[in-house]
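Visitor: My questions all concern the structure below.
The values are calculated or read from the model by the stated rules, or taken from the named source; none is laboratory data. All figures in this text were calculated on a predicted structure; none of them were measured in a lab. When we count neighbours, we look across all protein chains shown, and the Cβ atoms used for this are built from the backbone with ideal geometry, even at glycine. Each accessible area value is taken on the protein alone, full model and side chains, heavy atoms only, with ligands, DNA and RNA left out. Shrake-Rupley method; radii C 1.70, N 1.55, O 1.52, S 1.80 Å.
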Amino acid sequence: MAATLKEKAAKGFLWAAINNGATQLMGAIFGVVLSRILDKGDYGLINMLLVFSAVATALQDSGFVIALINKKDATHRDYNSVFWFNILVSASIYAILFACAPLIASYYDEPILENLSRYFFLCFFIASFSIVPRSLLLKQLKQKQLAVIGLAALVISNTIGLLMAFNDMAYWSLATQTITFNLTISILSWYYSGWRPSLRISFQPVREMFGFSAKMLITYIFNSINNNIFSLVLGKLYTKNEVGEYSQANKWNLMGANTISGMVNGVAQPTFVQVGDDRERLCRALSKMLRLTCFITFPAMFGMSLIAKEFIVITVTDKWLASAHLMQILCIEGAFIPIATLYYNMIISRGKSNIYMWNVILQGCTILAAITGVHYLGGGINEMIWAHVAIIIAWVGIWHIFVWREIRFSFMQGLKDIIPFMAIAGLTMIATHFLTLTIDNLYLLLASRILIAATLYLSILWVLGANILKECLSYLRPHPTSP
């Protein structure tokens, strides 16, 4: 049974890696083309709406997806109840946001946002139809099907977005791209899950899960605000072009961080739930996942910080050069996001949604207080982002405290799993920076930095005999089949 779970988790992690990696790569390619066509202001306008859309998405989910994944004996009645509840909530929220569109436009002093927001907010209502089918696929660790769904949605939505952008439809192309993405996800999720709702509706299961899901709902709302706090604050304090510059920098940072976090999210919680209450096994599983996460996240995100300037200029041209420095800072934060994701997945899998909730709320309040304080002390966007980065990194330690309380995963063990990869990746990027200082050609500089950094990092791990590297190579190497 343990071997089967380990195999399912490994395959799930591999398909999650393929899914998120391919999705982010294709998203990057389409994003480069769109960034060359559209202006900073186009991205700035859409970015101003993200916080409202994110909060609405959290409300429509209402924490029931996590509740369903954690409920070992979930039935069709449970899924059907959550499905219809989500549809009703989503329709109600859309009606409220539709009515509030003039207020949103007034807050940002951008009249176009009235009509744009009413159109853009359709995306979260459409997404509500996919919540239950996708939760089924996640619970069953069907990462292969999720990979197909994600890639198909990305290709279709970005193709439509590009066609509209080429026809001078500006920010409307970005809004339509998001709506099409969610529509495709919903259709394909229904197809692959095979699940269908029924009209025998009972909200009793929703009431039974409400104690857990309500805490998750509050957490999701604060998480959404935390993740989009700069869009809300910068949109009020700065111009839409400056918001666009931040949006461009954060887009590339999140592409990297979300690729790794997506791999973790797709496997960690279902695996922890199936392991059960065996603390020793949970500690071993967490330690291995932590090492694998650090093995990937530190070189990937520190490497993105290293090549930020060359990457921005080559891909989206020097009109976005101001985003490069912001991207360098944000990618440092991005290296720690997957670690925090792994920790809070462990906490949620233990049914401690209250711990998760209060941690996220306190983190959000701390971030808001910090960036507001920085602004009133005369600091600019750079200083506000540095404050945000410091809080995110410090909060990894706070997440660890609660993980220790749940399964007695020691602080020293966490440091042993994290520090070596962080130190080797950091030193590798510093060495690569100095080794490539004399290269003037941007294309050669970008290629050299990627090649040298990757070679140095893997070589050092090989010389040190890192088990995680050997395990990854062993898993990727084809094994002979038995006669």
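Visitor: Given the structure, is M346 buried (at least 20 other Cβ atoms within 10 Å of the Cβ) and touching an Asp or Glu at 6+ places or on another chain (Cβ under 9 Å)?
Guide: Spelling it out, M346 is indeed buried (at least 20 other Cβ atoms within 10 Å of the Cβ) and touching an Asp or Glu at 6+ places or on another chain (Cβ under 9 Å).
Visitor: Next up: For the range 133-148, enumerate the residues that are at pLDDT below 85 and open to solvent by less than 60 Å² (accessible area, probe 1.4 Å).
Guide: Selection gives S135, L136, L137, L138, K139, L141, Q143, Q145, L146, A147.
Yes/no matrix, rows are residues, columns are (1) open to solvent by 20 Å² or more (accessible area, probe 1.4 Å); (2) under 18 Å from G364 (Cβ atoms); (3) at pLDDT below 70; (4) in contact with a Gly (Cβ under 6 Å, 6 or more places away or on another chain):
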| position | (1), (2), (3), (4) |
| --- | --- |
| K40 | yes, no, yes, yes |
| G44 | no, no, no, yes |
| N47 | no, no, no, no |
| F52 | yes, yes, no, no |
| N70 | yes, no, yes, no |
| A74 | yes, no, no, no |
| R77 | yes, no, no, no |
| N80 | no, no, no, no |
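Visitor: Could you please give the count of residues in the range 425-467 that are closer than 21 Å to G334 by Cβ, of a type in the set (A, V, I, L, M, F, W, C) and in contact with an Asp or Glu (Cβ under 9 Å, 6 or more places away or on another chain)?
Guide: Residues meeting the conditions: 1.
Visitor: Return only the number of the condition from (1) modelled with pLDDT of 80 or more; (2) of a type outside the set (G, A, S); (3) assigned to a helix (DSSP H, G or I) that V65 does not satisfy.
Guide: For V65, the exception is condition (1).
Visitor: A follow-up question, please. Answer with yes or no whether I398 is buried (at least 17 other Cβ atoms within 10 Å of the Cβ) and of a type outside the set (F, W, Y).
Guide: Answer is no for this residue.
Residues checked against (1) part of a helix (DSSP H, G or I); (2) in contact with a helix residue (DSSP H, G or I) (Cβ under 7 Å, 6 or more places away or on another chain); (3) among the basic types (K, R); (4) farther than 28 Å from F85 by Cβ:
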{"site": "P102", "(1), (2), (3), (4)": "yes, yes, no, yes"}
{"site": "S106", "(1), (2), (3), (4)": "yes, no, no, yes"}
{"site": "F124", "(1), (2), (3), (4)": "yes, yes, no, no"}
{"site": "L151", "(1), (2), (3), (4)": "yes, yes, no, yes"}
{"site": "Q177", "(1), (2), (3), (4)": "yes, yes, no, yes"}
{"site": "T180", "(1), (2), (3), (4)": "yes, yes, no, no"}
{"site": "T184", "(1), (2), (3), (4)": "yes, yes, no, no"}
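Visitor: Take G373 and tell me if it is on the phi > 0 side of the Ramachandran plot and without any contact (Cβ under 8 Å) to a residue 60 or more places away in the chain.
Guide: no
Visitor: Assess whether A425 counts as being aliphatic (A, V, I, L, M), touching a Ser or Thr at 6+ places or on another chain (Cβ under 8 Å), touching a residue at least 60 places away in the same chain (Cβ under 8 Å) and within 21 Å of K309 (Cβ to Cβ).
Guide: Against the criterion (aliphatic (A, V, I, L, M), touching a Ser or Thr at 6+ places or on another chain (Cβ under 8 Å), touching a residue at least 60 places away in the same chain (Cβ under 8 Å) and within 21 Å of K309 (Cβ to Cβ)), A425 does not qualify.
Visitor: Of the residues in the range 166-182, how many are among the aliphatic types (A, V, I, L, M) and modelled with pLDDT under 85?
Guide: 3
Visitor: Of the conditions (1) surrounded by 20 or more Cβ atoms within 10 Å (Cβ to Cβ); (2) under 20 Å from the mean Cα position of the chain (by Cα), L116 clears all except one; give me its number.
Guide: It fails just one condition, (2).
Visitor: On to the next question. Cβ-Cβ distance below 9 Å, separation of 6 or more or different chains: which pairs start in the range 309-333 with a residue that is on the phi > 0 side of the Ramachandran plot and end on one that is in a helix (DSSP H, G or I) and open to solvent by 50 Å² or more (accessible area, probe 1.4 Å)?
Guide: T317/R36
Visitor: So which of Q363, Q328, Q413 ends up being touching a Cys at 6+ places or on another chain (Cβ under 8 Å), surrounded by 15 or more Cβ atoms within 10 Å (Cβ to Cβ) and in a helix (DSSP H, G or I)?
Guide: Q413
Visitor: Also: Find the helices (runs of 4 or more DSSP H) located wholly in the range 228-309 whose residues include 3 or more that are crowded, with 22+ Cβ neighbours inside 10 Å and modelled with pLDDT of 80 or more, and list them.
Guide: 240-275, 279-306
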